[in-house]
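K.L.:
I'd like to ask you about the structure that follows.
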Amino acid sequence: MRDRIFLDTNVLVYLYDNDAPEKQARSRSILEQGRERFRLIISTQVLQEFYVTVTRKLSLALSDGEILQAMRGLQEFPAVQINVPMIFDAIKLGRRYQISFWDALITQAALVAGCSRLLTEDLQNGLRIDGLTIENPFLNN
């Protein structure tokens with residue numbers, strides 16, 4: 001069975017961020033290599049954050065058609081459905097590791113999915129949480 005890798009929202013948003021060409025190229029590489037070698041996982045939270053970010057926070061916002069196409073493309077990834085027990089577990093996780101609730105919820109989704117790695121630039125690179133390794137894929141880029 002292939003290793004499972006959880007993608008945080010920023011990895012997906014950089015695919016469409018023309019203001020960060022190095023990170024955009026790195027995100028493309030992650031997806032190209034990941035599709036062949038790993039099982040890439042997201043969550044419903046990632047989908048929601050992605051939509052908000054590409055519609056409101058990019059300097060060059062995507063058109064409605066581009067947004068729909070991008071969202072449809074994200075359907076190919078298995079998605080963890082956030083539920084109430086996960087929210088309570090994320091609260092505990094956030095307190096234990098002193099991380100924000102939203103980052104803890106992403107981490108909790110990665111744990112529920114059985115991922116070995118979480119790719120994000122929002123948490124400490126190299127941090128290990130219950131068998132999950134946090135990796136910032138944009139370091140040295």
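K.L.:
Given the condition acidic (Asp, Glu), under 19 Å from Pro137 (Cα atoms) and touching a helix residue (DSSP H, G or I) at 6+ places or on another chain (Cβ under 9 Å), answer yes or no: does some residue in the stretch 70-92 qualify? Let's see the steps before the verdict.
P.N.:
Initially, the stretch 70-92 is screened for residues acidic (Asp, Glu), giving 76, 89.
Checking which are under 19 Å from Pro137 (Cα atoms) leaves us with none.
Within the stretch 70-92, not a single residue is acidic (Asp, Glu), under 19 Å from Pro137 (Cα atoms) and touching a helix residue (DSSP H, G or I) at 6+ places or on another chain (Cβ under 9 Å).
K.L.:
Another question, then. Mind checking whether some residue in the stretch 64-72 is out of contact with any Ser or Thr (no Cβ under 6 Å at 6 or more places or on another chain), part of a loop (DSSP other than H, G, I, E, B) and either of a type outside the set (Val, Ile, Thr) or loosely packed, with under 13 Cβ neighbours inside 10 Å (or both)?
P.N.:
For the stretch 64-72, residues out of contact with any Ser or Thr (no Cβ under 6 Å at 6 or more places or on another chain), part of a loop (DSSP other than H, G, I, E, B) and either of a type outside the set (Val, Ile, Thr) or loosely packed, with under 13 Cβ neighbours inside 10 Å (or both): absent.
K.L.:
Could I ask something else about it? What are the residues in the stretch 7-25 that are of a type outside the set (Gly, Ala, Ser) and over 13 Å from Thr120 (Cβ atoms), if any? Write out each step before concluding.
P.N.:
Keep residues of the stretch 7-25 that are of a type outside the set (Gly, Ala, Ser), which gives 7-19, 21-24.
The answer is Leu15, Tyr16, Asp17, Asn18, Asp19, Pro21, Glu22, Gln24.
K.L.:
Please find, within the stretch 108-129, the residue that is nearest to Phe38 (Cα to Cα) out of those that are part of a loop (DSSP other than H, G, I, E, B), within 12 Å of the chain's Cα centre (by Cα) and not hydrophobic (A, V, I, L, M, F, W, C).
P.N.:
Result: Thr120.
K.L.:
A further question on this structure: Do we find a residue being assigned to a helix (DSSP H, G or I) and modelled with pLDDT under 95 anywhere in the stretch 74-84? Explain how you work it out, then say what you get.
P.N.:
Residues of the stretch 74-84 that are assigned to a helix (DSSP H, G or I), as a first pass: 74, 84.
Narrowing further to those that are modelled with pLDDT under 95: 74.
Yes: the stretch 74-84 contains one or more residues that are assigned to a helix (DSSP H, G or I) and modelled with pLDDT under 95.
K.L.:
Here is a follow-up. Could you grab me the full set of residues in the stretch 79-95 that are surrounded by 12 or more Cβ atoms within 10 Å (Cβ to Cβ) and either under 16 Å from Val52 (Cα atoms) or in contact (Cβ under 8 Å) with a residue 12 or more places away in the chain (or both)?
P.N.:
Ala79, Val80, Ile82, Met86, Ile87, Asp89, Ala90, Ile91, Leu93
K.L.:
Being assigned to a loop (DSSP other than H, G, I, E, B) and either at pLDDT 95 or above or aromatic (Phe, Trp, Tyr) (or both) is the requirement here; does Ile91 meet it?
P.N.:
Spelling it out, it is not the case that Ile91 is assigned to a loop (DSSP other than H, G, I, E, B) and either at pLDDT 95 or above or aromatic (Phe, Trp, Tyr) (or both).
K.L.:
Determine, yes or no, whether Thr53 is within 20 Å of Leu123 (Cα to Cα), modelled with pLDDT of 95 or more and either outside any loop (DSSP other than H, G, I, E, B) or under 14 Å from the mean Cα position of the chain (by Cα) (or both). Let's see the steps before the verdict.
P.N.:
On the way: within 20 Å of Leu123 (Cα to Cα): yes; modelled with pLDDT of 95 or more: no; either outside any loop (DSSP other than H, G, I, E, B) or under 14 Å from the mean Cα position of the chain (by Cα) (or both): yes.
Here the answer is no, as Thr53 does not meet what is asked.
The values are calculated or read from the model by the stated rules, or taken from the named source; none is laboratory data. Here the structure is a predicted model, which is why all the values come from computation and not from measurement. Ideal geometry is used to build each Cβ from the backbone, glycine not excepted, and the neighbour counts take in all protein chains shown.
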